[in-house]
Every structure is written in C-alpha cells, then in structure tokens.
1. Return the loop-located GluC sites (Glu not before Pro) in the range B:1-48 (DSSP other than H, G, I, E, B) with at most 15 other Cβ atoms within 10 Å of their own Cβ; answer none if there are none.
2. Place +1 on the Cβ of every Lys and Arg and -1 on the Cβ of every Asp and Glu in the protein assembly as shown, take the dipole about the Cα centre, and give the residue among A:VAL76, B:GLY311, A:LEU266 whose Cα lies farthest towards its positive end.
3. Which order do B:SER146, A:SER6 fall in if you start with the one that has the fewest other Cβ atoms within 10 Å?
4. Taking Cα centroids, how far is the range B:200-262 from the range B:93-138 in Å?
5. Name the long-range amide H neighbours of A:LEU86: under 5 Å, sequence gap of 5 or more, or other chain; modelled H, no Pro or chain starts.
6. Please find, among residues of chain B, the one with the beta carbon closest to the rotation axis relating it to chain A, distance in whole Å.
7. Which cross-chain or sequence-distant (5 or more) residues have an amide H under 5 Å from the amide H of A:CYS277, H modelled 1.01 Å from N in plane?
8. Would you kindly calculate the translational diffusion coefficient of chain B, applying Stokes-Einstein with the Kirkwood radius from alpha carbon pairs, for 25 °C and a viscosity of 0.890 mPa s, and quote it in µm² s⁻¹ without decimals?
Number of protein chains: 2
Amino acid sequence: MSKTGSFAIELYCSKCGKTYALNEIHQLCECGAPLLVRYDLESAKAVLSADTFRNRPANLWRYKELLPVADDENIVSLGEGMTPILPLSKLGRKIGLPDLYMKDEGVIPTGTFKARGASVGVSRAKELGVKKLAMPTNGNAGAAWSIYSARAGIKAEIIMPEDAPKITRNECAAAGAELYLVRGLISDCGKIVAKHVKENGLYDASTLKEPYRIEGKKTMGLEIAEQFDWKLPDAIFYPTGGGVGIIGIYKALRELKELGIIEGKLPKLISVQAKGCAPIVRAFEKRKEASEFFEDSQTIAFGINVPKALGDFIVLKALYETGGTAVSVSDEEIIEAVKELAANEGTFVCPEGAANFAAAEKLVKSGFLKETDRVVLLNTGAGIKYPDTLTAEVPYLEKMV
Amino acid sequence: MSKTGSFAIELYCSKCGKTYALNEIHQLCECGAPLLVRYDLESAKAVLSADTFRNRPANLWRYKELLPVADDENIVSLGEGMTPILPLSKLGRKIGLPDLYMKDEGVIPTGTFKARGASVGVSRAKELGVKKLAMPTNGNAGAAWSIYSARAGIKAEIIMPEDAPKITRNECAAAGAELYLVRGLISDCGKIVAKHVKENGLYDASTLKEPYRIEGKKTMGLEIAEQFDWKLPDAIFYPTGGGVGIIGIYKALRELKELGIIEGKLPKLISVQAKGCAPIVRAFEKRKEASEFFEDSQTIAFGINVPKALGDFIVLKALYETGGTAVSVSDEEIIEAVKELAANEGTFVCPEGAANFAAAEKLVKSGFLKETDRVVLLNTGAGIKYPDTLTAEVPYLEKMV
C-alpha cells in the first residue's frame, strides 16, 4: 500500500483542546465542539516547500501531505480542485476594485465546492472502515457526498428540505443514496439525522460533526496561495452558511505560514450572508464570540440559509483575527449581481457566489476596501444548478418552409 | 501586445483544398465545405516538444502554439480544459474492459465540452473584430457561446429548439444574448440563422461554418495524449451529433504525430449515436463517404439529435482511417448507463456521455474490443444540466418536535 506522506498526527477540539487518536472514528468532542486535524508541521517544514507541489496533477490531492488520508488507495477522487481564478476586470474597474478576481468553484465535479469536502471526507470515511454514513443537507453537500460515497462503495443516507434545489435530488438518487425530504429547514433535517445516527450506529457526516470535510475545504486556501504564486491577496470574500469553507481557508493559511511557505499578514476574511439569514453578521456587529439562532430565516441563496452554525465561533474568530468583517446583502442585490456577473464577465454563478460581488461593492463604498486591494471572491457553485434564480421570457420565431 | 507564438498560417478547405488568408473573416469554402486551420508544423517541430507544455496552467491555452489566436490579449478564457481522466475500474471490470477511463467534460465552465469551442471560437472572433455573431444550437453550444461572447464584449444571437434543455435558456439570457426559440429541430433553427446572417451581415458561428470552434475541440485530443503521458489509448468513444469533437480529436492526433510528439498507431475513433438519430452509423454500415438526412429523428440525448451534419464526411473519414466504427444505442440503454455510471463510479453524466458506456459494452460483446484494450469514453457534459433524464420518487419524513 503506497503511503501519501500525510503529516496528520491527531485530532484536537476546537474549543477545549482535548486530543483524540487519528486512527479511530471520532465525531464531536465530549464538550460538544468540532474536532480539527493537527499536523506535525515541524517535521513537515523540513520536507515541504512551495516547489513540492509545483508539478503535480491539477487537483486538490496535490497537497496530500497536508491532508488527513494515510494511504493512496483510500483516495476517492473525481478530479476535483485547482479551480480557475478569473480576473473580473470589467466589473472590478466599475466598482473601484481593478484587482478583483473570482475563484470559480463551479468548475468541479457536482458543480459546487461541496465536492472538496466530500472527496476528503469520504476518503477518510473509507480509510476508517465506514460502511454507512448519514447527513442533513441544503442539497449540494448531500449530492456531493452521495456521489463520492457511490465511488467509494459506502452507503449514504441523505435528508434534505423539500425546497432544496431539485437537481440535487436527482444526483442523490442516481448515486443510489437513501434520500428523504422534510418540510422544514436543514436544522429540522439535522435533528432526524442525529436520531438515526444514534439508533442505527451510522457515521455522522453532518457539517463539522466529522473532522475531515473541513480539510477538503482547506484546499481552497492552499490553492489561492499557490495560484497567486504564494503572495496572498488582501481580502477573500466567502458566502457563509455553515462556514466550513472560511474555517478551512483560515486553517490552510495558518498552516502555510507555520510551514514558512507564505509570509506576512493574512488576507482579511469576509463573511457574506443574506439579509434574510445573517446570524454571523449580527454576532459580528455586536463583537460576540458566537451567534444566535436566526428565527424565520429566508433567502433565495439556499446554500447559506443556515440559522445557526455549529462552527460559528470559529468563523467569528477568523474574521476578528484577520481584521475581516461580515456583511449582509438582500435577495434583490443577489439577483442583480447574478445578472451583472453573467452579462459582463461571462461568469454564470450561484446566488451564494453572486452575494460576494454585491458585498464587495458595499465595502468599497463604505471605505473598508481600497482601490489598490487585491480581492478574491469565492464563487461556491455553478449557476446551472439553480435554474429558478432567473426567469427568461423568450420570444418564438416561426419555422421557415 | 504579447504574442501567443501560434504556428497557424492559413485556412484550407476540408474538401477541395482551396486556401484562404488567416487574417480575414471566412466562413465556408466557396465549394460549401468547412474550412480548417493549417499550422506550420515543420517550423513548430523545431520549437515544440512534450516538455513545452508540462509546467503550464491547467487549461487548454497551454497548447497556444497549436491554436489559432495570435495575440494573448484576445484570449477569452474562463479557465476551461485539462478536465479529469477518471478510471472506471468497477464497471470496466464488469464489462470486460479493466483499462477503461472517462474523460469528464462536465468539469468545465458551462458544464459541457462546448466551452472549448466557444473559448477558442470567440477568442478568434474577437481577434478578427467581430461585433455580433449568430448560431443555431441544441442548447449547450448556444449557452457556451453566449457566456464567452459576454466576456469578450461581443453580441450573440442564439436560436434553439423549444425542447432544448431549459437551463441553457437561462444561461443565454443571463449572459445578455438575443435568444429565440423555434418549434422544430436544430436544422430548422439553422435555416433562420442563415437568413439573418445574410440579411444583417452577422458572423455565422454555426457548427463548422467558422473554422475555429474545431480548434477548441481539438484540445480534447491534445489533453488525452498528454494525460496518458503521450502514449495513446487503443480506442476513444465519442457521442456524435455535429461531430466537431471527433474531427477535432483526429486533427489533434495527426498534428501531434507530424510534430513527432506521439508515435505509432492512432486510437480507433468510435462514433456513438442514438438509435433514433443515427445518420453516421447508417452511412458507416454501408461504407458511404457521407451521410443522408435522418428523417423524424428523436432521442433523449438531445445534444446528438443532429439529422445531418455538415462535417459528416470528415467524421466518416476519421472512423475509416483509424480502424474505428460507429454504433447506435437505444434511449433505454442510455438511461440505464446513466444510472450504472452514477451508482458505481460516482460519475453523474449527461445522456450523450452515458451512450458511450452502453456502446462500449456492445463492442466488447461483439469482439471489436479486447480485454487488454485501453479505452477512453468522452463524457461531453455534466448530468446536472439534464434534470429530466431521471425521475426520483423521494419519500418524506416528518419534522421532529
């Protein structure tokens, strides 16, 4: 069995610090907080440099020393990662941010960034001998975990709100997952999953209830660093629901810094939420350490309709420690941004991704960002997964005889 | 203006051989056949080797010396290309082809391989000063050309059958294209486009009516060669509608051979069609040089519902000269293949892509392929663009109190 060379050594609690062995199944810490993977960065430093990664295949497994999978044969991959970074020159100039970029996570298996967490999460589940997993989802994560589980030969039970994007149902069903709908929110689905996990001894793949999905999301941060030739941008915008991506990016950048591969100040991390579901924004404005459940949440950006995230305190820490901020935008602003991005830059993005652009415009106006800033917007998914965001009235032409 | 180093020197007719200047707009040859791009491969040979491409960014512009764009600033890119090649180990073993792979063109901007032709085609249109283009489409090509035209600042008029995938309407509309629907087939749309082109002096971006789309498709062949370390597989399966992809792959492999970058026999090229629209298969069975219009064509694999392709004679030549073949599969076999691929390999593909797998199974049974063959199936698009291929009956669970 060929070894990946992973420097992962143990799990540790993001809140109380308690450690757990890596070669056993662990979900949350006894204290109820998420577990994270610790790497032996001291040893890794002696081996890894920017050059290590340069000539490897263009997928996230190029960073396998900084991922938690021990054996190559457990890697479950569909070629995910190294998504493009696109200059948004026209719109950037228009809003006063000429050095504006989008990292486009629509160009990835399943069409959303959820593929990263699923690839690494399912790989580790396979390595740990998991036979069946369960998770609640707003659609895209469930689709990705179904697809990767199918490739791994693991059974997946997926529970999603009936309002989740329809296409994600098809993906789960095609992949042979056991799929259920609920008339409610992802938090309602989560309660049912918790019950099933307990009753049937399943592996709980809920957001942050297993420690490996975040390691997959981490690779977005590693890639941003490498794609800008290890010179970091000034700010990274991230549409925040469960917040795993922003936690992952923050973890990636800190690890790279400890390895000496990057230097200087970290980018300002900026959480973008919908006005109809903005628990992190509310908490940030009051400088709270954690968020409160956002009652009656509603937004067309379904992927960030998460009224209370388990990892909220880590997200907020990332914002505070990088000098970032949290911004909310309206559904109208989101739809307008979807259109502006497609018509001007040819980037047809999901509502969550478009929210970033609306938020960036606000932060230029407010003076938080300045014209010389290099700014990266993280688009989390392809617009084609959201057929109902826009409606087109299309005229007919008659056939010629 | 920084130069790409392109070795393109002229256009030539695929039928009569007449040549045309590269720096002018040309559509079809005077004789009515498609024009192709000729490169100065003699000069290129002195400069290019496999090593030339090794360390370049993972998109199709890594092959810019073998593409027709002269100036870097005319490149219109969304990061397309270097799509993953995935082993299909489980299903390969099951059907008696253990060395089976899929090149997954779902992992590309707009979710289909049409992005390649659009990126190169629109880039050249920009370089030639085109202000407005027009094209008929079965949906995905129109979406891709709309998106890339938006990025380039070119106006696009797109005409598609009303049965084309709904999501492609949204893509065109979001990108600001002038979109029309027709109650008919792509051939009916083509007639209207021809009229508009003539009346309004538009650039005709119809399949093979401009010479550059095929150069974009060519990069699939270049990538397959590079991704297998310049040792070619034994067969490549390609779902054939207009056939530009197979023509492009054939052109790519012949150019690489002339450059001395690859050696030996070319892979058998295999055209896959739906039983309900199989003009190439009919022509191939009778060893004809060209196909006949396939009356009352119908298939769920909408992208290959092309009753008569302008480049049919080039497709057939590619099949004959590589010792390939043409196979048709039923819609039922296609749907079954979509399910098998998703449930076993985690690859959720479009019906056109799935048709390849059904065809491969047939060609193993018939003895055309042998167990030791290395075979590549080209999946032309993501399953998520086809929400109606599969229907899922999903049970509900009650909310917990």
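Nothing in this text is a laboratory measurement; each read-out follows from the coordinates by a stated rule. Fair warning: this is a prediction, and the values are worked out from it, not measured in the lab. So basically every Cβ, Gly included, is an ideal-geometry build from the backbone, and we count neighbours across all protein chains shown.
1. Numbers: sites: B:GLU10, B:GLU24, B:GLU30, B:GLU42; in loops: B:GLU24, B:GLU30.
Filter output for the range B:1-48: B:GLU24, B:GLU30.
2. The one lying farthest along the dipole's positive direction is A:LEU266.
3. Placing the least packed residue first, the sequence is A:SER6, B:SER146.
4. Cα centroid of the range B:200-262 versus Cα centroid of the range B:93-138: 10 Å apart.
5. Residues meeting the amide H criterion: A:MET102, A:LYS103, A:ASP104.
6. Chain B residue with minimal Cβ-axis distance: B:ALA58, 2.
7. A:GLN298
8. Using the Kirkwood radius from Cα pairs, D works out to 116 µm²/s.
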